[in-house]
Amino acid sequence: MYSKNEWGQLKKVVVGIADNARIPEVDASLRHINYADVTDELDIPTGKYPQIVVDEANEDLETFADFLRKEGAEVVRPDITECNYYNYCPRDSVIVYKDKAIATPMPLRARRNEYQAYERHLENVHPYDIIRSDDLYNTKCLGDPDVLALTEAEPAFDAANVLRANDDLLYLVSNSGNKAGASLLQSIVDGKVHTVEGIYSYMHLDSTVCFLRDGLMLLNPSRVKDVNQLPEPFRHWDYIMCPEPVPIGHYENYRNSSNWVSMNLFSVNSKLVALEERQEPLRKELEKHGIECAMLPMRHAITLGGCFHCVTNDLIREDD
Ligand code: DAV
């Protein structure tokens, strides 16, 4: 059985790799989903990431993998392949839940086969592929942050739009996941999919909400002002409002996330998390709730768009 929450004792995990990471040539999907705010397409830096970024990211991923091994987890890695995007964030391409591993219908065309780099570590993976015709991308989103990138033409979502809490799953409707995607997920999983809308329009849920244990979550106060913006049953959970992130910078004009990737932590269990090493204010808050923090480097979390939650896929955890 696969894991079904974000916090049970970790047994087996995929940790990403940065080799061959690149920004693909601009097409309708990349333009609308990742760069709707860019006025001039020529400002999008396509091609391979600089080697220094890849090397430093790999060093930090290795440090993180060593830490997880010392905590008793089996760590597996994606194969090093030529890629159209990257294998740095295995979180985005597959959601495991109870008896299922679902390669989600990712809306970015360049990412459609990304799960294959670690498919051999999964049992019974179901790929849900889609056409990704131009109708899936809403041109009205260009330059208008209030308009989402995806239409409802076909179900599309990244696995990272979802967080698992035993029998409940929280699904963010945003640029990287539409409502049809939530319905598709609901038709596959044995759990209740709750959608949340209007709190964050860009990529993924895991720099906005983080589940720490059953009944306790970390919230991004710039996106969630009131717990009642969340669906039941999460309105009744205790929560920690995340302190302002300590900025960690990014490499030249490569910027794939906000500073809030600071709260993209990864739980070894409900009492120990891996946290980006400069986030001391968040560490203090977590410690008040009995959660110890391993302060680890992830120098290119903003450059590449992912910290410890994004760069993992926690395949097996003990029930909790
Ligand atoms: O807050 O910019 C980070 C992406 C997480 N996968 C943000 C989204």
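The values are calculated or read from the model by the stated rules, or taken from the named source; none is laboratory data. Because the structure is a prediction, the values reported are computed rather than measured. Virtual Cβ from ideal backbone geometry, glycine too; neighbours counted across all protein chains shown. When the accessible area is computed, the model is the full protein with side chains, heavy atoms only, and any ligands, DNA or RNA have been set aside. Shrake-Rupley method; radii C 1.70, N 1.55, O 1.52, S 1.80 Å.
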*Choose one of G47, V96, I33: the residue whose Cα lies farthest towards the positive end of the charge dipole of region 21-143 (beta-carbon charges +1 Lys, Arg; -1 Asp, Glu; about the Cα centre).*
V96
_Out of the total accessible area of the chain (probe 1.4 Å, heavy atoms of protein only), what percent is carbon and sulfur?_
46 percent
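Summing Lys, Arg as +1 and Asp, Glu as -1, what charge do residues with Cβ under 9 Å from the Cβ of M295 carry, M295 excluded? Don't skip to the end; give the middle numbers.
Values: positive: R278, R283; negative: E276, E277, E280.
Every neighbour counted, the sum reads -1.
All other residues with a Cβ under 15 Å from the Cβ of T39 taken together, and with Lys, Arg as +1 and Asp, Glu as -1, what is their net charge?
-4
What is the sum of charges around R91, taking Lys and Arg as +1, Asp and Glu as -1, for the other residues whose C-beta is under 10 Å from the C-beta of R91? Show your work: numbers first, answer last.
Values: positive: none; negative: D92, D158, D206, D314.
Residues close to R91 contribute a combined charge of -4.
Provide the FRET efficiency to the nearest 0.05 for the R235-I188 pair, computing r from the beta carbons and using R0 = 35 Å.
Here the calculated transfer efficiency is 0.85.
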*Count the lysine pairs in the chain whose Cα atoms sit under 22 Å apart, keeping only pairs 8 or more residues apart in sequence or on different chains.*
24
*Using Cα centres only, tell me the gap between region 260-299 and region 125-168 in whole Å.*
29 Å
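Tell me whether region 253-320 comes out rounded, prolate or oblate; compute the Cα gyration tensor, take square roots of the eigenvalues as a ≥ b ≥ c, and use a/c under 1.5 as the rounded threshold.
Numbers: a/c = 2.70, a/b = 1.36, b/c = 1.98.
The shape class here is oblate.
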*For region 155-248, rounded, prolate or oblate, judged on the Cα gyration tensor with a ≥ b ≥ c (square roots of eigenvalues), a/c < 1.5 rounded, else prolate if a/b > b/c?*
oblate
*Identify which of N253, N34, N84 has the largest mean-square fluctuation in a Gaussian network model of the chain, with springs joining Cα atoms closer than 10 Å.*
N253
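Could you tell me which of rounded, prolate or oblate describes the chain, using a ≥ b ≥ c as the square roots of the eigenvalues of the alpha-carbon gyration tensor, with rounded for a/c under 1.5 and, failing that, prolate when a/b is larger than b/c and oblate otherwise? Numbers along the way, then the final one.
Working: a/c = 1.25, a/b = 1.15, b/c = 1.09.
The shape class here is rounded.
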*With a cut-off of 13 Å, note down the residues of region 1-37 whose backbone N falls inside the zone around a label point 7 Å from the Cα of H126 toward its beta carbon.*
none
*If we sort 192-200, 46-54 on the protection proxy, mean other Cβ atoms within 10 Å, highest first, what's the order?*
192-200, 46-54
*Most fluctuating residue given options T303, T39, T208, as computed from a GNM of the chain linking Cα atoms under 10 Å*: T39
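Hey, what number do you get for the chain at 222 nm if only DSSP H runs of n ≥ 4 count, each worth -39500 (n - 2.57), divided across all residues, to the nearest 500?
Working: 5 runs with 49 residues, N = 320.
Taken over the chain, the calculation gives -4500 deg cm²/dmol.
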*Rank Y171, Y88, Y118 by mean-square fluctuation in a GNM of the chain with C-alpha springs under 10 angstrom and give only the top-ranked residue.*
Y118
*Under a 1.4 Å probe, what is the accessible area of region 16-86 per residue, stated in Å²?*
46 Å²
*In whole Hz, with x marking every Gly and Pro, tabulate ³J(HN,Hα) for region 3-18 from phi via Karplus 6.51 cos²θ - 1.76 cosθ + 1.60, θ = phi - 60°.*
5, 10, 8, 9, 9, x, 3, 6, 10, 8, 8, 8, 10, x, 10, 9
